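Derivation of every value follows stated rules applied to the coordinates shown; laboratory data play no part. Owing to the predicted nature of the structure, the values given are computational and were not obtained by experimental measurement. Cβ placement follows ideal geometry from the backbone for every residue including glycine, while neighbour counts extend to all protein chains displayed.
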Amino acid sequence: MSMTFGRDSYDIELIQKRKQLFWFKHRLLSKEKIAYWLCQYVGPQDEALTYCYDFVISDEVRKFAVTELCYTDALDADEIYESGKCVVMTFDQIKSFMTGARNIHVYFRIKKNVKARR
């Protein structure tokens, strides 16, 4: 994933996993020097909580890994970002994992939340 820190940016990608749809969202705030990533389930909140995601940034030796719950896409992504219930990294943290021309290695996986109560 290529990172540019000089301006705010927002990326969104629609992902299909086992006939379910998810939004993978990334927000970068240059003034605050912080980046967010989250995954939202397209559907009701009770179904969303049956999914979680792994997010890993790594270099040849080090790894930053987070497993977080999916939330419904009916929730405003900004509220999730501000609550911290997503992946949050400072620019300095991200830069410490950069390789070459402003690139970071990102691994992302959506999976069933085996601890979800139904």
Original post:
Exposure proxy check: 23, 37 ranked by fewest other beta carbons within 10 Å?
Top reply: 23, 37
Original post:
To the nearest Å, what is the center-to-center distance of region 79-112 and region 44-60, using C-alpha atoms only?
Top reply: 12
**OP:** Would you mind giving the average projected area, over all directions, of the Cα convex hull of the chain in nm² with one decimal?
**Re:** 7.7
Subject >> Amide H partners (placed H, <5 Å) of residue 21, local residues excluded >> reply: 42
Original post:
Arranged by the count of other C-beta atoms within 10 angstrom, fewest first, what order do 69, 21, 14 take?
Top reply: 14, 21, 69
Subject >> Label-to-label distance, nm, for residues given as residue 75 and residue 96 (7 Å Cα→Cβ offset) >> reply: 2.7
**OP:** Please give the contour-minus-distance gain from residue 8 to residue 29: 0.36 nm per residue of separation, less the Cα-Cα distance, rounded to one decimal in nm.
**Re:** 7.1 nm
**OP:** Run the dipole for the chain about the Cα centre, Lys and Arg Cβ at +1, Asp and Glu Cβ at -1, nothing else charged, and hand back the magnitude in debye, nearest 20.
**Re:** 500
**OP:** Please turn the phi angles of region 27-32 into ³J(HN,Hα) values with the Karplus equation 6.51 cos²θ - 1.76 cosθ + 1.60 (θ = phi - 60°), one per residue in order, whole Hz, x for glycine and proline.
**Re:** 10, 10, 10, 6, 5, 7
**OP:** Measure off 7 Å from each Cα along the Cα-to-Cβ vector at residue 111 and residue 64, then give the distance between these two points in nanometres to one decimal.
**Re:** 2.1
Subject >> Table column - 3J(HN,Hα) (Hz), region 60-73, Karplus curve with 6.51, -1.76, 1.60, x for Gly and Pro >> reply: 5, 10, 9, 8, 10, 10, 9, 10, 9, 6, 7, 10, 5, 6
Original post:
What is the diffusion coefficient of region 31-98 in µm²/s, taking the Kirkwood radius over Cα pairs and the Stokes-Einstein relation at 10 °C with a viscosity of 1.306 mPa s?
Top reply: 122
Original post:
Which of the peptides 46-59, 71-84 is most tightly packed, and how do the rest follow, judged by the mean count of other Cβ atoms within 10 Å per residue?
Top reply: 46-59, 71-84
Original post:
Tell me, what is the percent relative contact order of the chain, built from C-alpha pairs under 8 Å that lie six or more residues apart?
Top reply: 28
